[in-house]
Amino acid sequence: MARARAPRLVLIGGIIALAGIACAATPEEQVLTRFFEASRALDSTALSRLATVTFNPRIDGSIQLFSIEDRSPEQRVSATDQERDAATRSLSAATGQEIDVASAAVDIVTRQVTLKADVRSPEGVVAPGVFNVTLHRAIATQKNGATIEGRWIVTRLQRAPDARTSRAASSVPRS
């Protein structure tokens with residue numbers, strides 16, 4: 001009898017493990033969740049590790065739940081001088097230490113993400129919104145050949161233009 005139960009337990013355990021993997025949040029979802037949580041709390045310390053931009057609940061509202069609708073492929077390029085701050089934040093978030101990016105070859109990996117969210121305005125009104133988000137992650141190769149991979153950070157958050165237009169504005173005049 002015990003032998004018959006063992007394969008079933010293994011099968012059930014395997015199904016639970018696969019379900020857990022399938023439901024796991026992506027790295028992009030994780031950083032965006034932490035970003036919106038820190039934004040709601042006005043936690044400038046956490047935001048400094050997660051982003052170079054802000055989403056102030058007193059001005060922009062707050063986002064509780066969101067879904068990622070689209071992800072672009074990653075693009076990797078050498079970091080420019082303007083991206084050094086983002087690179088430092090990304091690498092420091094991964095290591096917990098300040099990384100000297102001046103003495104390393106640094107690449108920036110960029111991913112564009114489109115998300116849908118319910119936005120609660122400062123007045124308490126909830127309305128759907130679409131946002132275009134840019135995420136950066138630094139990869140530094142130090143002089144000794146060691147490579148450090150940074151975490152994703154939010155470097156741009158912009159409300160997408162409203163796709164809906166009025167019928168009058170989008171219709172061709174009728175003859």
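Listed here are the residues, each with its yes/no results for (1) surrounded by 10 or more Cβ atoms within 10 Å (Cβ to Cβ); (2) touching a His at 6+ places or on another chain (Cβ under 9 Å); (3) modelled with pLDDT under 95; (4) over 30 Å from residue 85 (Cα atoms).
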site	(1), (2), (3), (4)
1	no, no, yes, yes
49	yes, no, yes, no
54	yes, no, yes, no
65	no, no, yes, no
Legend entry - Filter result for residue 118 (among the acidic types (Asp, Glu) and either at positive phi or not in a loop (DSSP other than H, G, I, E, B) (or both)): yes
Legend entry - segment 74-107, residues that are farther than 24 Å from residue 44 by Cβ, of a type outside the set (Lys, Arg) and modelled with pLDDT of 90 or more: 74, 75, 77, 78, 79, 80, 105, 106, 107
Inset, instruction - Pairs only if they're at least six apart or on different chains, beta carbon under 8 angstrom, first in segment 69-86 and part of a strand (DSSP E or B), second of a type in the set (D, E, K, R); list them, first residue then second. - result: 69/116; 71/28; 71/111; 75/111; 76/107; 77/107; 78/107
Legend entry - Sole residue being at positive phi and either in contact (Cβ under 8 Å) with a residue 60 or more places away in the chain or of a type outside the set (Asp, Glu) (or both), chosen from 42, 65: 42
Inset, instruction - Identify the residue in segment 85-120 that is of a type in the set (Asp, Glu) and touching a Ser or Thr at 6+ places or on another chain (Cβ under 8 Å) and, among all such residues, is surrounded by the most Cβ atoms within 10 Å (Cβ to Cβ). - result: 107
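The values are calculated or read from the model by the stated rules, or taken from the named source; none is laboratory data. This one's a predicted model, so the numbers in the text were calculated from it and none came from an experiment. Heads up, the Cβs are rebuilt from the backbone with ideal geometry, glycines too, and the neighbour counts pull from every protein chain shown.
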